[in-house]
Amino acid sequence: MNNEQFLILSYFIVGALVIAIGLTVHAYLRRPLAGIMRTFRNSHLGLILRRLFPVGLVLPALAGFLSVDYYSCKGNYANIIADRSYLVEKNQEQISSACLFLLMALFAWGVIVLISLATRPDNPVPSKNAGGDPQ
């Protein structure tokens, strides 16, 4: 496999890996977020946050992946594909950048959830024995 084929193949493999990382983080945090969002019973905020959560993790990971510039040091395409170690280094930089963007997205989601919990109206869910009947 020549370096040009390696560049194309590795770009798509790393892109798929980044999407898989974002979806794995979503799968891991989906249940805890759903538990927190159940406190918003009479509000559409919980539904909105639950639906935006996967997009809010995968898109930042993809943004991190796409933020890496191959032309920054080498200049032109011929110089880029001439050095396989440079291509591997850029693939590693793409994964690292995607993870950093994902970490920032998780921090932002934490802030959003905290603000949502702090500003929600106090409407306790009535218990089954709310009428004062002895058990």
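The table below gives the values:
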| item | result |
| --- | --- |
| Neighbour net charge for Pro32 - beta-carbon separation under 15 angstrom, K R +1, D E -1 | +4 |
| Relative contact order [Cα under 8 Å, 6+ residues apart], region 11-98, whole percent | 36 |
| The chain - mean residue ellipticity at 222 nm from DSSP helices (-39,500 (n - 2.57) per run, n ≥ 4, rounded to 500) | -26500 deg cm²/dmol |
| Identified option (computed Rg and Dmax of the Cα atoms in Å; candidates (i) 20.5, 71; (ii) 22.4, 83; (iii) 16.0, 56) | (ii) |
| Cβ-based net charge around Cys73, under 13 Å, with every Lys or Arg adding one and every Asp or Glu removing one | -2 |
| Mean Cβ neighbour count within 10 Å, used as a protection proxy, ranking 98-111, 28-41 highest first | 98-111, 28-41 |
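Since every read-out is calculated from the coordinates, none of them should be taken as a lab result. Fair warning: this is a prediction, and the values are worked out from it, not measured in the lab. So basically every Cβ, Gly included, is an ideal-geometry build from the backbone, and we count neighbours across all protein chains shown.
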